[in-house]
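Before any comments, here is the structure.
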Ligand SMILES: [Zn+2]
């Protein structure tokens, strides 16, 4: 498959408005003509997780450095939440995908739906930063595959989580099954991180992951949780995210 050379992005797509004003612009890499597959990278949906923004910037730099297959489009939104805070107007954007009270969540949801309707294969990647408050829920250095969702409703629900965490020392990735397990395995192989199955006990229906899981079997999602403590290791980050891009853009 031919690689498209050159420096992207080709254009910016207006998908909505930030709370408090300002255009939400998604950068597009690649050409729509002939595209069958779309990847959508989302950084910092929690505004206080600047490490997540750094991660997406490193992925973007890696994409610019290697070009794209002609059938693939890449979109990036970073930051998704520019408030500088986890919450926007007291609402958690990553719990708002049922109610969609925030303009940010409405914009992201609509754009995901557009991608799902148009392309044969869609992969959504959302980066978070992992904080002390939830440190106990993750183990570092592992790659976990597979996520299955059970139940509906607005309360926290029990779920079988087969879905992935990717970890460089901890990229949590819970995912819809289509692509996630393969990606998790490849990422583990390339980075040397351990890969094992994992079950997550709970999730929130308002999460982006939950919303995405209902867009169809051709839509997958990977979520990173990046530990604050690893931010200083820029070489590890750059290498790991370059490898991640190498896996998902093929
Ligand atoms: Zn977060």
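Expressed in nm to one decimal, what extension gain is obtained for the pair residue 214 and residue 120 from 0.36 nm per residue of sequence separation less their Cα-Cα distance? So the chain would gain 32.3 nm between residue 214 and residue 120.
Label segment 65-117 by shape, choosing from rounded, prolate and oblate, from the square roots a ≥ b ≥ c of the eigenvalues of the Cα gyration tensor; if a/c is under 1.5 it is rounded, and otherwise prolate applies when a/b is larger than b/c, oblate when it is not. Here segment 65-117 falls in the oblate category. Given R0 = 41 Å, the distance between the Cβ atoms of residue 33 and residue 57 translates into a calculated FRET efficiency of 0.90. Percent of alpha carbon pairs in segment 40-137 separated by more than 23 Å? Roughly 31 percent, once rounded to a whole number.
The Rg/Rh ratio for segment 35-78, using Cα coordinates for both the radius of gyration and the Kirkwood hydrodynamic radius, is 1.04.
Read the figures in this text as sums done on the coordinates, not as results from a lab. Predicted model, so just to flag it, every value in this text is computed and none were measured. Positions of Cβ are generated from backbone atoms using ideal geometry, with glycine treated the same way; all protein chains shown enter the neighbour counts.
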